[in-house]
Amino acid sequence: MKKYDYLIVGAGLFGAVFAREAMNRGKTCLVVDKCDHIAGNIYTKEVEGIQVHVYGAHIFHTSNKTVWEYAQKYADFNHYINTPIANYKGELYNMPFNMHTFYQMWGVTTPEAARAKIEEQRAEITGEPQNLEEQAISLVGRDIYEKLVKGYTEKQWGRSCTELPAFIIKRLPVRYTFDNNYFNDPYQGIPKEGYTAMVERLLEGADIRLNTDYLENKAELDALADTVLYTGCIDEYYGYCYGELEYRSLRFESETLDMPNYQGVAVVNYNEREVPFTRLIEHKHFNFGTQEKTVITREYPATWEKGMRPYYPVNNEKNQALFARYQALAANEDKVIFGGRLGHYKYYDMDKVIEAALALVEEEL
Ligand code: FAD
Ligand code: UDP
């Protein structure tokens, strides 16, 4: 039977970058995924000529030039810039928080007036913010917190903003300029042919087995390779021996509509608590599509249970402590390496996944 240098568990971005680099260095790779497709969470598929982001909106953005150049080798990126709209009870606001938002919220027309308004409202927070609520109020004041952060965040994470870590909200820029670009990174875009085509190119030359759960076929698959790179959930790998890490899941509902343009922008956030979904995405706008029809997807947050896709790690103190225990087990493995969002239990964006995979290549190969 053929023996491989690497068995790569997970055909997502982490596994694909590692496989590419291993193959470039003359190594052989078998890639397995329990899904019926490659690309993991960045999987895209064509519907009505539109690249549909099956597991939610994915915008590639980075400030790491090496990573950007790396990604360019495997995909032709367009010039998409993410400028989502927030809908709070029918009122529309620009995101991220910038002069457009401040004007829409308070009618202020200068940075000075916006700063004064926020200073006044953030005065209620004294000292270092201890949770997401305090962090948000300290960044943008109570009005914006109440309308644009609280409902959205509590739906997304299924818990109160006072029980969530501050860092989650620090991902969002706050700007005193009229600039609706959701990201600060200098490089941004979306692969014109979709992410699946990009991952296909990364995996070229690897043997791939889909619909194959590694943990259910562990002994047989382990026998096929010298080293295993595992990009699934680390707690699952260890049979949840210390207990389950928490994840946040999502449910997507898509529709094809017989109209060319439903909402005029790729992403609209629905920020009030009463609307059960967090985002509505219209896929064609990621690629400046002019098709006759359109595909839209509503994204509903969901409590994760075994068997569901674990989209987000929940990086609070309790889970970090549990993860550290699993990490200690992982450190003692000599044949298995852990990687990716689930293996590292980290809220990685795609650029950070590429960075981490390339760092592992340096260490390992
Ligand atoms: P995954 O894509 O999860 O791949 C892991 C793979 O392992 C999966 O295919 C899974 O099926 C497989 N697997 C797991 N267990 C087993 C097993 N036992 N046997 C076989 N196979 C197994 N990043 C950005 O940069 N920009 C964005 O705009 C952005 N938006 C996002 C929106 C959403 C809704 C989500 C959830 C994430 C978003 N991300 C975004 C993050 C991005 O999706 C991740 O950084 C990236 O997909 C992680 O790649 P990965 O290979 O680590 O993990
Ligand atoms: N967020 C919010 N209101 C919004 C958009 C985002 O309060 O309209 C908060 C929310 O807590 C979210 C965090 O900001 O989890 C980070 O947002 P981002 O868009 O980066 O989330 P992701 O793409 O990871 O879902």
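Taking the conditions exactly as written (closer than 20 Å to residue 239 by Cα and either open to solvent by less than 60 Å² (accessible area, probe 1.4 Å) or in contact with a Phe, Trp or Tyr (Cβ under 6 Å, 6 or more places away or on another chain) (or both)), does residue 301 satisfy them or not? The answer is no for residue 301. Candidates in the stretch 132-160 are the residues that are among the hydrophobic types (A, V, I, L, M, F, W, C) and surrounded by fewer than 23 Cβ atoms within 10 Å (Cβ to Cβ); of these, the one that is farthest from the chain's Cα centre (by Cα) is 139.
Taking the numbered list (1) on the phi > 0 side of the Ramachandran plot; (2) within 11 Å of ligand 2 (Cβ to nearest atom) in turn, residue 167 passes all entries but (1). Residues that are among the aliphatic types (A, V, I, L, M), surrounded by 16 or more Cβ atoms within 10 Å (Cβ to Cβ), farther than 28 Å from residue 4 by Cα and within 11 Å of ligand 1 (Cβ to nearest atom) are absent from the stretch 31-53. When we screen 86, 75 for residues that are more than 13 Å from ligand 1 (Cβ to nearest atom) and in a strand (DSSP E or B), the only hit is 86. Quick one: count up the residues across the stretch 304-336 that are assigned to a loop (DSSP other than H, G, I, E, B), surrounded by 10 or more Cβ atoms within 10 Å (Cβ to Cβ) and over 23 Å from the mean Cα position of the chain (by Cα). Number satisfying all stated conditions: 2.
Of the candidates 201, 248, 273, the single residue that is open to solvent by 30 Å² or more (accessible area, probe 1.4 Å), in contact with a Gly (Cβ under 9 Å, 6 or more places away or on another chain) and either under 30 Å from residue 46 (Cβ atoms) or not in a strand (DSSP E or B) (or both) is 273. For the stretch 337-350, a residue qualifies if it is surrounded by fewer than 21 Cβ atoms within 10 Å (Cβ to Cβ) and of a type in the set (D, E, K, R), and the qualifying residues are 346, 349.
The values are calculated or read from the model by the stated rules, or taken from the named source; none is laboratory data. Keep in mind that this is a model prediction, so the values were computed, not measured. Because the Cβ atoms are built from the backbone with ideal geometry, glycine has one as well, and the counts that use them run over all protein chains shown. Side chains are part of the model used for accessible areas, which takes the heavy atoms of the whole protein and leaves out ligands, DNA and RNA. Shrake-Rupley method; radii C 1.70, N 1.55, O 1.52, S 1.80 Å.
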